Amino acid sequence: MSEQPVGQGPVHITLQTGPRLTRPVPPEVVEALLSAQITATAGERSGFQLAFDLTKTGALSRRLLPEGFFDPKTRVILSVSVKGTPEVLLDGLIVRQEVGASNQPGHSTLTVTGEDLSILMDLEEYTDRYPNMRPSQRVGRILAKYADYGIEPRVYQEKIEQPPRERLRVEYQTGTDLGYITELARANGYIFYLEPGPRPGVSTAVWGPERRIGDRQHALNVNMDANSTVDQLTFAYDGTAREEPQARVQNMTTRDSLLLPQPDIGPLRPPLGRRATPALRRRRLSGTAKMESEQAQAELLARAALSADAISGSGSLDVNRHGYILRPRELVGVRGAGVTYDGDYYVKSVTHNIRPGSYQQNFTLSREGLIARSGTVRP
């Protein structure tokens, strides 16, 4: 599969496996690879599925499978080089294997399914305490435990400062590390995910806001004749998606209840559309009256930001025709969809589908408003 052409340029697959440290797989493993599907979504664990030809007399069925080469918790790193540009698409662990035996020659398959390395953080429950530690400090302490797997933390300070007050409360963790980190991210309007690369064996654990500023990826062109890089894009405006959360806090001295003002979500979600969509729903947050003011404000900001994206888009592209691999959790521009829906979007998810001679991507986009903020889409 590694030498099969994709249009004008070849796609080269590099596959590495091992218990913790990995090494390149034997050539017969790459030759037996029938397909690879990798899905990465903002705020969720990435998953993958690899299918192999399980010929009765091949090395996979005779030697590698019985020896535990594809057993659960085996680490897998898959890199793709398109037109000479390498990129790590997955770094994860196998969690399941399936064998499909067939009477027809060449139709027996081995399918392995797995998730990215964040599954390591979801295998064991802990009870721990974090005296005098902000949310970001707690996350940093937890992630340090996984450095042996090449996981490098990138932890951002929360947008609303929440100074620890040990005399009033000590924060406790009960459950898995991943569950606790994800809970802290949600409470601050952040997301948590692992980004594989930039080189094999290294991943970046990102705990912070969605990346809605900075460089744009190469634009997606539709309805532009020979310049089109995407066959079709579908957009939707869901008027009920955006909510206006309401939160109350209680003055511990007077016991009076105070309604917090609506927060500016700009620090978490810099606007990508010129005309913001209104919030048609109102939702009262429960439990904020018992929180400290800073925690309640962070919860209110998080809820307002996480429900802001009323505009969504979906489509698929041929990597060779587009010329570049579309990356999730970054910005990309859209051209040719009309005044209302052209402009910059956040890439919410990407699914890579790789087969001999083919590299397709399915993707979803999102933003909070209509009409591009700029008259040009770059690059």
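The values are calculated or read from the model by the stated rules, or taken from the named source; none is laboratory data. Please read these numbers as outputs of a predicted model, since none were measured by experiment. Every residue, glycine among them, receives a Cβ derived from its backbone with ideal geometry; neighbour counts consider all protein chains shown.
For the stretch 179-198, name all the residues that are assigned to a helix (DSSP H, G or I) and over 14 Å from the mean Cα position of the chain (by Cα).
Matches in the stretch 179-198: GLY179, TYR180, ILE181, GLU183, LEU184, ARG186, ALA187.
In the stretch 56-74, of all residues being over 31 Å from the mean Cα position of the chain (by Cα) and crowded, with 16+ Cβ neighbours inside 10 Å, the one that is modelled with the lowest pLDDT corresponds to GLY58. Evaluate the following for ILE142: is it outside the structural domain of GLY189 (by TED's automatic domain parsing) and either of a type in the set (Ser, Thr, Tyr) or closer than 30 Å to GLN49 by Cα (or both)? Considered against the rule, which asks whether it is outside the structural domain of GLY189 (by TED's automatic domain parsing) and either of a type in the set (Ser, Thr, Tyr) or closer than 30 Å to GLN49 by Cα (or both), ILE142 comes out as no. Residues considered: ARG165, ARG141, ARG154, ARG169. Of these, the only one that is assigned to a strand (DSSP E or B), charged (D, E, K, R) and surrounded by fewer than 19 Cβ atoms within 10 Å (Cβ to Cβ) is ARG154. Elements of the type strands (runs of 3 or more DSSP E) sitting completely within the stretch 222-338 and holding at least 3 residues that are hydroxyl-bearing (Ser, Thr, Tyr), surrounded by 14 or more Cβ atoms within 10 Å (Cβ to Cβ) and on the phi < 0 side of the Ramachandran plot: these cover 311-318.
Return yes when SER366 is in a strand (DSSP E or B), within 18 Å of ASN221 (Cα to Cα) and either touching an Asp or Glu at 6+ places or on another chain (Cβ under 6 Å) or of a type in the set (Asp, Glu) (or both) and no when it is not. So SER366 passes the test. Is it the case, given these coordinates, that THR17 is within 19 Å of GLY201 (Cα to Cα) and in a strand (DSSP E or B)? It is true that THR17 is within 19 Å of GLY201 (Cα to Cα) and in a strand (DSSP E or B). Assessment of the stretch 43-54 against the conditions (surrounded by 15 or more Cβ atoms within 10 Å (Cβ to Cβ) and polar (S, T, N, Q)) yields at least one matching residue.
How many residues does the stretch 338-366 contain that are over 16 Å from VAL319 (Cα atoms) and either touching a strand residue (DSSP E or B) at 6+ places or on another chain (Cβ under 6 Å) or basic (Lys, Arg) (or both)? The total comes to 10.
Within the stretch 75-110, the set of residues being hydroxyl-bearing (Ser, Thr, Tyr) and over 25 Å from the mean Cα position of the chain (by Cα) comprises SER102, SER108, THR109.
Each residue in the stretch 175-209 was checked for being over 13 Å from LEU120 (Cα atoms) and out of contact with any strand residue (DSSP E or B) (no Cβ under 6 Å at 6 or more places or on another chain), and 13 pass.
Residue by residue, here is whether (1) touching a residue at least 60 places away in the same chain (Cβ under 8 Å); (2) closer than 24 Å to GLN360 by Cβ holds:
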| site | (1), (2) |
| --- | --- |
| THR17 | yes, no |
| LEU33 | no, yes |
| GLU44 | yes, yes |
| ALA51 | yes, yes |
| SER61 | no, no |
| VAL95 | no, no |
| THR109 | yes, yes |
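Pairs linking a residue in the stretch 346-357 that is in contact (Cβ under 8 Å) with a residue 40 or more places away in the chain to a residue that is part of a strand (DSSP E or B) and acidic (Asp, Glu), with Cβ atoms under 9 Å and 6 or more positions apart or on different chains, do not occur.
Considering the stretch 339-363, the residues that are among the β-branched types (Val, Ile, Thr) and not in a loop (DSSP other than H, G, I, E, B) include one that is farthest from GLN49 (Cα to Cα), namely VAL347. In the stretch 232-250, the condition of being within 30 Å of GLN361 (Cα to Cα) and at pLDDT below 90 is met by at least one residue.
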